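First the structure, in the form of structure tokens, and then the observations on it.
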Amino acid sequence: MSAIEWGVYPQQSAMGMFAHDNTASPPTSILDASTPFFLHVYWEVPQPIASVAGGSFRIRAFAESMGPGQEKQLGATLTVPVVPNQTRYDVHITVPAGTLLGEGELFNGVPVSGIYKFVSALQHMNPGPNQVSGYCEGPLVQMKTP
């Protein structure tokens, strides 16, 4: 879990993320590269900021390979409208099957480990980016090749 800085306000709040496959199992750190999955990203808005904030939040997620491999954005950029007085937000970023290479697959002719570090980034938009931003490091995840 990481913190969000609220610009001129002397407040911080938490932000977190975990990966989840499309089964009934709990969040996992080993995913099938040929199956879609989602990232659950959540954050908190402290009071009294929640009562005066407007605009929206822009949420993006990224993967970085451990060793040779891909570095890329995961899924679409999400825009989440601010809801007056709401202090907890949760979103799912859908990651299509085959987005990340699995263990042993080739990237530029070199086998990859299939292990990735996930991170999500948050920006407050009102109407454009402002001083409110945050990020969180997600889990290390292994993408396996069936």
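Any read-out appearing in this document is the output of simple, stated calculations on the displayed coordinates, not a laboratory observation. It should be emphasised that the depicted structure is a prediction, and the values quoted were computed from it without experimental measurement. Reconstructed Cβ throughout: ideal geometry from the backbone, glycine too, with neighbour counts over all protein chains shown.
Annotations for the structure displayed:
- Across the stretch 15-146, Cα pairs under 8 Å and at least six residues apart give a relative contact order of 32 percent.
- Zero-based 5 Å bins, Cα pair distances in the chain, whole percents: 2, 10, 19, 21, 15, 12, 9, 7, 3, 1, 0
- Note on the stretch 24-146: with charges restricted to the Cβ of Lys and Arg (+1) and Asp and Glu (-1), its dipole about the Cα centre is near 240 debye.
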